[in-house]
Amino acid sequence: MARRNRREPIPEPEELRVGGFRRTQTDIDGDWVVQSITGQTSVKEYRCPGCDMEIKPGTPHIVAWPIDSVDNRRHWHSTCWAKRSNRKPKGK
């Protein structure tokens, strides 16, 4: 029997094909769907609600929305999302 020199290709998980990994996160402000976006799939400019700075195309970042409201999804810098519970309410 002949030996095979090539390995079978390993299919990519669906999350990688759409540009990131989606997970559910429970925090003090509720349950969130959080998706990491790779720089390769980030083609538009967004404004981070955490720091009010631009997220440039090609920048890896987070997209998050309340678990029951996909219409309220927002694009965040990864560090801004991680520190959002430490922020003071606006106007104070």
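Restricting to the range 1-60, and then to whatever is small (Gly, Ala, Ser), within 21 Å of residue 84 (Cβ to Cβ) and not in a strand (DSSP E or B), can you tell me which residue is modelled with the lowest pLDDT?
20
Working only within the range 71-92, note down all residues that are over 16 Å from residue 59 (Cα atoms), surrounded by 10 or more Cβ atoms within 10 Å (Cβ to Cβ) and either at pLDDT below 85 or hydroxyl-bearing (Ser, Thr, Tyr) (or both).
Listed by number, the list holds a single entry, 87.
The values are calculated or read from the model by the stated rules, or taken from the named source; none is laboratory data. Everything numeric in this text was worked out from a predicted model, so none of it was measured. Cβ atoms come from the backbone with ideal geometry, glycine included; neighbour counts cover every protein chain shown.
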